[in-house]
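Undergrad: Before we start, here is the structure in question, set down as structure tokens.
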Ligand SMILES: [Zn+2]
């Protein structure tokens with residue numbers, strides 16, 4: 001498999017050291033090139049040679065200054081080395097288990113309050129970097145490293161300033177009993193952190209460990225045990241009653257606010273917060289003057305503002321602040337952004353602070369129920385042999401790809417983030433990710449034929465695609481962020497998987513039956529065939545990203561042409577074939593080249609509309625229609641004619657009568 005780096009080693013080096021000309025200490029097979037620290041440009045060809053022909057492992061020192069801790073003069077980044085671990089014999093886990101653990105770790109990273117600057121994949125885990133602004137001391141570096149190790153449960157020895165790490169863009173050669181693994185950059189975010197932010201974070205959390213007073217940081221990181229929940233629920237777990245926010249001051253004292261507000265997910269929390277009146281939060285006297293129509297002129301809370309240069313207003317139920325000053329970086333945003341900018345903290349911390357302020361709690365018990373349903377679904381699929389008699393058509397559609405379907409439900413189980421007010425739990429995923437999980441690979445370039453499979457499940461109702469308009473704001477935004485990440489690329493979509501009750505499977509069987517009857521091939525479901533057979537609503541459900549479910553201008557013209565040729569030919573000869581229709585269309589000036597597939601796509605709908613059938617011509621039919629081709633071609637004829645034929649052959653042994661009919 002070819003793996004193309006979108007981000008080169010050169011760019012990584014330049015970002016990390018702040019210059020492409022930086023002098024770097026490289027390390028080959030655990031030995032430092034002590035006397036020849038050099039630029040990457042100079043070392044590159046030698047390193048590539050050693051790596052590719054001598055199976056040498058290539059490392060480097062991310063910080064600047066030397067090879068001993070005491071020689072390090074500049075800290076460039078904090079980083080961790082996270083590893084999926086080994087079994088009791090000290091060997092790596094099988095690749096499938098590693099893939100699962102890796103997936104879980106990436107979810108932890110996704111919810112970690114600080115987005116990493118780089119994520120680099122290794123055979124058994126990840127190296128994650130958070131680049132730091134210059135000025136970080138080695139002592140501060142050690143504090144941060146140790147805290148990261150604790151928070152993310154990574155390799156405990158990775159905290160010395162002169163630490164060597166694997167250089168991305170090279171093969172790991174001696175990774176145990178396994179073959180070469182290409183150490184690849186899988187994520188890059190254009191972020192860098194001032195050391196104070198990390199340090200204040202960690203020292204606050206350390207203070208809490210030592211001091212059992214009621215002062216709890218609102219911006220404290222999740223602890224190792226709670227973060228393993230793989231979702232946003234850590235916020236709920238770390239919250240304690242009667243805590244005092246040291247940053248926000250005291251909580252509002254109205255009786256309303258003393259009651260906890262229980263919400264189901266992080267997305268609901270963000271939605272709730274974005275609806276709150278920003279002026280009220282800022283304790284402005286005239287906060288009531290904002291309505292859905294009127295805005296309020298205020299002094300901007302995010303810059304030193306003497307003349308009111310900002311306004312607060314509502315738009316589609318969300319409250320926004322917009323600063324009109326050119327000296328202000330704020331622009332416009334919701335309360336989350338106001339708190340983020342005003343206090344110079346991260347978005348995640350702003351949300352946590354606002355949760356405390358409004359006394360919001362997350363109740364995720366629904367998630368467990370939902371996960372139980374998924375486990376039952378998988379159980380159902382595993383017993384799919386029993387469907388053979390109960391739901392024969394569904395069985396035919398699913399049996400051969402049941403492992404693929406199960407892998408999707410397993411993935412959904414880990415990925416669900418939110419339940420809508422209609423009770424639908426949602427998750428998003430890319431087709432490539434589906435394929436990757438199904439194949440139990442850590443990395444895959446292509447989605448293979450996942451679009452066909454997903455369309456099949458969705459037609460049967462086993463999965464449901466969610467229209468972008470129905471996705472709650474928070475989830476939608478995260479989906480947009482994910483679309484920018486390399487590992488999520490390729491057709492990202494939001495889905496819901498329903499509970500597979502017996503009633504539900506009966507319905508799926510019915511759809512499978514209709515599809516079979518109408519000649520819809522399940523490995524090539526198209527928008528047109530679904531619309532023609534099942535109607536526009538179903539087509540819209542299957543293709544929510546398509547604006548126009550009706551055939552487009554030229555599409556509609558083509559459909560009309562197919563219809564005309566088809567009916568003309570049948571009325572002329574009593575039957576027709578797809579290749580005849582195709583040939584006739586090819587002769588026209590509008591379509592020089594027409595493929596069978598394009599005609600076949602419209603067939604199910606036209607057969608339905610004009611009560612036609614497509615059947616394999618037997619000897620009698622060939623006689624009747626004077627078809628002289630070899631073999632038994634597929635022909636299209638009126639259902640009525642076909643039924644008459646069948647009735648004759650079945651009910652009557654009277655050869656004479658048959659002769660009459662055929663002659664007629
Ligand atoms: Zn401003």
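Undergrad: Would you be able to tell me the number of residues in region 540-598 that are outside any helix (DSSP H, G or I) and at pLDDT 80 or above?
TA: Residues that pass the stated criteria total 6.
Undergrad: May I ask you to list the residues in region 399-423 that are part of a loop (DSSP other than H, G, I, E, B) and buried (at least 17 other Cβ atoms within 10 Å of the Cβ)?
TA: Those that are part of a loop (DSSP other than H, G, I, E, B) and buried (at least 17 other Cβ atoms within 10 Å of the Cβ): 416, 417, 420.
Undergrad: Give the residue that is nearest to the ligand (Cβ to nearest atom), with candidates limited to residues of region 313-339 that are modelled with pLDDT of 90 or more and out of contact with any strand residue (DSSP E or B) (no Cβ under 9 Å at 6 or more places or on another chain).
TA: 339
Undergrad: Further question: Taking the stated definitions as given, is residue 283 within 9 Å of the ligand (Cβ to nearest atom) and outside any strand (DSSP E or B)?
TA: no
Undergrad: Turning to a different aspect of this structure: If a residue must be touching a residue at least 40 places away in the same chain (Cβ under 8 Å) and either part of a helix (DSSP H, G or I) or crowded, with 18+ Cβ neighbours inside 10 Å (or both), how many such residues does region 318-338 contain?
TA: 7
Undergrad: Examine region 340-359 for a residue that is within 16 Å of the ligand (Cβ to nearest atom) and in a loop (DSSP other than H, G, I, E, B), and state whether such a residue exists.
TA: Yes, some residue in region 340-359 is within 16 Å of the ligand (Cβ to nearest atom) and in a loop (DSSP other than H, G, I, E, B).
Undergrad: Name the residue, out of 19, 77, that is outside the structural domain of residue 440 (by TED's automatic domain parsing) and touching a residue at least 24 places away in the same chain (Cβ under 8 Å).
TA: The unique qualifying residue is 77.
Undergrad: Now for a separate question. Quick check, is residue 273 away from the ligand (no atom under 16 Å from the Cβ), modelled with pLDDT of 90 or more and assigned to a helix (DSSP H, G or I)?
TA: yes
Undergrad: Part of a loop (DSSP other than H, G, I, E, B) and more than 28 Å from residue 65 (Cβ to Cβ): is that true of residue 100 in this structure?
TA: no
Undergrad: What is the residue count in region 289-310 for residues that are touching a helix residue (DSSP H, G or I) at 6+ places or on another chain (Cβ under 7 Å) and either within 10 Å of the ligand (Cβ to nearest atom) or outside any loop (DSSP other than H, G, I, E, B) (or both)?
TA: Of the residues in that region, 4 qualify.
Undergrad: Please identify the pairs in which a residue from region 298-317 that is not assigned by TED's automatic domain parsing to the domain that holds residue 284 has its Cβ atom under 7 Å from the Cβ atom of a residue that is more than 10 Å from the ligand (Cβ to nearest atom) and at pLDDT 90 or above, counting only partners at least 6 apart or on another chain.
TA: Listed by first residue and then by second, the contacts come to nothing, as the list is empty.
Undergrad: If you don't mind, another one. Which one of the conditions (1) part of a loop (DSSP other than H, G, I, E, B); (2) surrounded by fewer than 21 Cβ atoms within 10 Å (Cβ to Cβ) does residue 146 fail to meet, given that it meets all the rest?
TA: With (1) part of a loop (DSSP other than H, G, I, E, B); (2) surrounded by fewer than 21 Cβ atoms within 10 Å (Cβ to Cβ) applied to residue 146, the lone miss is (1).
Undergrad: Turning to a different aspect of this structure: For a quick check of your reading of the model, give me the residue pairs whose first member lies in region 621-644 and is crowded, with 17+ Cβ neighbours inside 10 Å, whose second is assigned to a helix (DSSP H, G or I), with beta-carbon atoms closer than 6 Å and at least 6 apart or on different chains.
TA: 624/662
Undergrad: Does residue 396 satisfy the criteria of being surrounded by fewer than 20 Cβ atoms within 10 Å (Cβ to Cβ), assigned to a helix (DSSP H, G or I) and out of contact with any helix residue (DSSP H, G or I) (no Cβ under 8 Å at 6 or more places or on another chain)?
TA: Answer is no for this residue.
Undergrad: Could you list, in sequence order, the residues of region 612-631 that are in contact with a helix residue (DSSP H, G or I) (Cβ under 9 Å, 6 or more places away or on another chain) and assigned to a strand (DSSP E or B)?
TA: Within region 612-631, 612, 613, 614, 615 qualify.
The values are calculated or read from the model by the stated rules, or taken from the named source; none is laboratory data. All values reported here derive from a predicted model rather than from experimental measurement. As a convention, Cβ positions derive from the backbone with ideal geometry for all residues, glycine included, and neighbour counts pool all protein chains shown.
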